[in-house]
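Novice: The structure follows.
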């Protein structure tokens, strides 16, 4: 009998670690994409395309709504920590 048999408990732990790693990577990608905002040429100047929502939506559809909320809050926390400390996060996070 081999000692490298994957038990159900090990498999569950591996899936949890994989999900956490995916959430972290998508949150980092969303944080980087948050820096690139392109104004729409046919609309008023305050309308912008926000590409940081793409990894959030991918994570939401692939892993569920709680993972999407975690990706969104992680990307917003990485980029706007001082705003959270003084103004609160109610208006800063737009959950999918």
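The values are calculated or read from the model by the stated rules, or taken from the named source; none is laboratory data. These numbers were taken from a predicted model, which means no experiment stands behind them. Every residue, glycine as well, gets a Cβ built from its backbone with ideal geometry; the counts of neighbours run over all protein chains shown.
Novice: Within the range 41-60, can you find the residues that are under 26 Å from residue 75 (Cα atoms) and out of contact with any strand residue (DSSP E or B) (no Cβ under 9 Å at 6 or more places or on another chain)?
Specialist: Residues of the range 41-60 under 26 Å from residue 75 (Cα atoms): 45-60.
Within the range 41-60, 53, 54, 55, 56, 57, 58, 59, 60 meet the criteria.
Novice: Against the conditions (1) more than 16 Å from the chain's Cα centre (by Cα); (2) modelled with pLDDT of 80 or more; (3) surrounded by 10 or more Cβ atoms within 10 Å (Cβ to Cβ), where does residue 10 fall short? Just the number, please.
Specialist: Condition (2) is where residue 10 drops out.
Novice: Quick check: is even one residue across the range 15-34 surrounded by 10 or more Cβ atoms within 10 Å (Cβ to Cβ) and over 20 Å from residue 69 (Cβ atoms)?
Specialist: There is no residue in the range 15-34 that is surrounded by 10 or more Cβ atoms within 10 Å (Cβ to Cβ) and over 20 Å from residue 69 (Cβ atoms).
Novice: When residues of the range 41-78 are filtered for being at pLDDT 80 or above and assigned to a helix (DSSP H, G or I), how many remain?
Specialist: Result for the range 41-78: 20.
Novice: For the range 19-40, indicate whether the set of residues that are in a helix (DSSP H, G or I), more than 15 Å from residue 75 (Cα to Cα) and without any contact (Cβ under 8 Å) to a residue 60 or more places away in the chain is non-empty. Walk me through it before giving the result.
Specialist: From the range 19-40, those in a helix (DSSP H, G or I) are 19-33; that's our starting set.
Subset that is more than 15 Å from residue 75 (Cα to Cα): 19.
Pick out the ones that are also without any contact (Cβ under 8 Å) to a residue 60 or more places away in the chain and you get 19.
Yes, the range 19-40 contains at least one residue that is in a helix (DSSP H, G or I), more than 15 Å from residue 75 (Cα to Cα) and without any contact (Cβ under 8 Å) to a residue 60 or more places away in the chain.
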